[in-house]
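A short worksheet on the structure shown next.
The values are calculated or read from the model by the stated rules, or taken from the named source; none is laboratory data. This one's a predicted model, so the numbers in the text were calculated from it and none came from an experiment. Quick reminder, even Gly has a Cβ in these numbers, built from the backbone with ideal geometry, and neighbours come from all protein chains shown. Calculation scope for accessible area: heavy atoms of the full protein, side chains included, ligands and nucleic acids excluded. Shrake-Rupley method; radii C 1.70, N 1.55, O 1.52, S 1.80 Å.
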Amino acid sequence: MTNHTIYQGARVLVGDPRAGSFQDVDVEVVEGRIARLGRDLEAEGAEVVDAGWAWIIPGFVDAHQHMWQATMRGLTADFTLADYVWVIRRNHSGIHRAVDVYNGTLGAAVGLLDSGTTCSVDYNHCIVTPDHADAGLEAFVESGIRGVWCYGLYDQPATTRTFTSVEQRIADAHRVRDTRSSDLEDRVRFGIAPTEMSLVGIDQIAREMRVGRDLDCLIHTHTNARWRPGYPSEIQQLAQAGLLWSHQLHSHCNTADTADLALLAEFGCKVSSTPETELGMGMGYPIAAAADRAGVAAGLGTDIQSNNSPDMFTAMRLMLSGERARSNQKALEEVGIYEMEGLQLKAADVMHYATLGGAIGLGLESECGSIDVGKAADLVLIDRRGPRLNPSLDPLSTIVMNATIADVDTVVVGGEVVKSGGRMRAELLEKATRGLQESGAYIREQSQAYGGLVPPKPDWWGADTAGSGAPTTRA
Ligand SMILES: [Zn+2]
């Protein structure tokens with residue numbers, strides 16, 4: 001690999017993607033960073049790549065993702081969130097071995113990279129033993145993706161539990177942070193993912209969130225996400241307990257109202273929406289656009305590969321459609337189609353959420369999320385030659401509304417080319433696929449002991465018992 005490359009002749013989305021500024025400039029990459037943007041760049045010794053066939057956009061940033069679940073692809077297509085909590089979180093997570101977390105994380109990350117996502121958060125809530133934590137982080141680092149790997153403090157429902165208290169889990173998070181510092185450098189950062197408040201209450205949440213403050217790292221949470229009548233706002237509870245601060249990324253927040261969003265804005269918190277799971281699994285409408293209007297930085301994520309692909313093109317379009325469906329239906333019923341105001345959420349907005357908005361959410365906006373001099377060279381080259389992308393009267397709108405993963409020709413992370421000619425690096429692709437297949441087969445076989453891949457819900461299970469923290473009751 002050369003550490004000095006000039007991508008020549010492309011149309012490049014420069015600066016905040018929301019501005020939609022495509023420019024005919026060359027991109028010079030030196031030592032993994034964007035050194036210059038300009039016309040007819042030349043430099044002695046640089047490798048010159050003819051990119052006249054491409055739009056170059058910043059790599060996508062996935063702002064909510066549980067990578068370990070790639071081991072269960074295709075399982076939750078017809079699940080509600082409650083089905084998911086029972087089957088995946090309360091049952092299958094407990095039988096995942098460390099190697100399965102490794103295989104899921106590596107497979108998920110390779111899928112993300114293949115899709116044009118160069119940076120992701122990983123909320124790992126499958127840490128059954130210390131080995132599971134090490135395996136997840138190791139796979140994240142090995143994949144070559146950028147991002148924040150978050151230690152999930154969730155109490156695992158394994159039959160035999162290694163961790164029997166929150167103190168042990170917190171101590172293990174410190175162990176990972178302290179002993180794996182060589183892995184935790186610029187490209188991969190450490191974060192904390194507290195348990196859901198609906199499962200453990202505010203006192204334990206306070207202890208878990210202070211770990212993040214002590215370690216000065218990202219805190220990535222599920223917040224205001226489990227809608228049921230009469231359940232109080234978690235954002236209000238966090239505010240009252242003095243637990244909101246800026247280095248926090250709150251995912252979902254579907255039940256957040258105007259007052260909740262004002263609190264998140266006041267304390268500098270960020271949010272991420274996952275339209276495909278939120279719309280499909282009964283969680284509510286995505287909050288990103290409302291948060292954005294309230295002054296809260298918003299990103300998009302693809303959440304769980306047990307349900308859907310890590311495809312940010314789809315996430316952008318579902319975000320647009322979901323938000324528009326909500327506001328349009330209201331206007332249709334009130335004033336009708338001809339009196340309706342124009343659409344508020346624009347294609348450029350969702351492109352911003354999928355890139356720079358997510359980077360802000362992860363605290364990585366100085367590193368990635370846009371193509372600017374000084375940032376890491378996290379680039380996606382979209383092949384714009386085919387009939388599906390021509391004629392393009394507006395490149396940004398064409399990408400948001402028409403492009404697919406099939407158009408992602410080249411993916412670059414920190415100057416490293418991980419995909420070119422439409423193919424991921426062969427050895428990484430083969431290893432990831434083999435690991436996913438092995439772990440998928442193992443989970444299918446092991447799950448037979450408690451009812452198979454979709455074990456029936458017992459009578460006792462429901463809103464009040466969904467997260468008792470006790471081991472699963474399977475025999
Ligand atoms: Zn999640």
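So here's what we get for this one:
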{"quantity": "Residue within segment 129-138 that is within 16 Å of the ligand (Cβ to nearest atom) and more than 17 Å from the chain's Cα centre (by Cα) present", "calculated": "no"}
{"quantity": "Condition met for GLY212 (more than 22 Å from the chain's Cα centre (by Cα) and more than 30 Å from VAL412 (Cα to Cα))", "calculated": "no"}
{"quantity": "Output for segment 276-285, where each listed residue is more than 13 Å from the ligand (Cβ to nearest atom) and in contact with a Lys or Arg (Cβ under 9 Å, 6 or more places away or on another chain)", "calculated": "TYR285"}
{"quantity": "Which numbered condition GLY45 misses (of (1) at pLDDT below 95; (2) open to solvent by 10 Å² or more (accessible area, probe 1.4 Å); (3) under 23 Å from GLU278 (Cα atoms); (4) away from the ligand (no atom under 15 Å from the Cβ))", "calculated": "(3)"}
{"quantity": "Residues located in segment 52-99, provided they are within 16 Å of the ligand (Cβ to nearest atom), among the aromatic types (Phe, Trp, Tyr) and within 19 Å of the chain's Cα centre (by Cα)", "calculated": "TRP68, TYR84"}
{"quantity": "Qualifying residue in segment 65-85 (condition: assigned to a loop (DSSP other than H, G, I, E, B), under 18 Å from GLY301 (Cα atoms), in the same structural domain as THR302 (by TED's automatic domain parsing) and of a type in the set (A, V, I, L, M, F, W, C))", "calculated": "yes"}
{"quantity": "Residue check, VAL110 within 16 Å of the ligand (Cβ to nearest atom) and either aliphatic (A, V, I, L, M) or surrounded by fewer than 24 Cβ atoms within 10 Å (Cβ to Cβ) (or both)", "calculated": "no"}
{"quantity": "Breaking point among (1) in contact with a helix residue (DSSP H, G or I) (Cβ under 7 Å, 6 or more places away or on another chain); (2) more than 16 Å from ARG18 (Cβ to Cβ); (3) open to solvent by less than 40 Å² (accessible area, probe 1.4 Å), for LEU362", "calculated": "(1)"}
{"quantity": "Matching option when the condition is aliphatic (A, V, I, L, M) and within 24 Å of LEU199 (Cα to Cα), among ALA63, ALA35", "calculated": "ALA63"}
{"quantity": "Out of CYS150, CYS119, sole residue that is outside any helix (DSSP H, G or I), closer than 18 Å to SER251 by Cβ and more than 16 Å from the ligand (Cβ to nearest atom)", "calculated": "CYS119"}
{"quantity": "Cross-chain or 6+ apart pairs with Cβ under 8 Å, segment 441-457 first and more than 19 Å from THR80 (Cβ to Cβ) and part of a helix (DSSP H, G or I), then among the basic types (Lys, Arg) and open to solvent by less than 60 Å² (accessible area, probe 1.4 Å)", "calculated": "ALA449/ARG474; TYR450/ARG474"}
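To keep it simple, each residue is scored yes or no on (1) touching a strand residue (DSSP E or B) at 6+ places or on another chain (Cβ under 6 Å); (2) not assigned by TED's automatic domain parsing to the domain that holds ALA46.
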residue	(1), (2)
TYR338	no, yes
GLU341	no, yes
ASP378	yes, no
ARG385	no, no
LEU389	no, no
LEU393	no, no
THR410	yes, no
GLU416	no, no
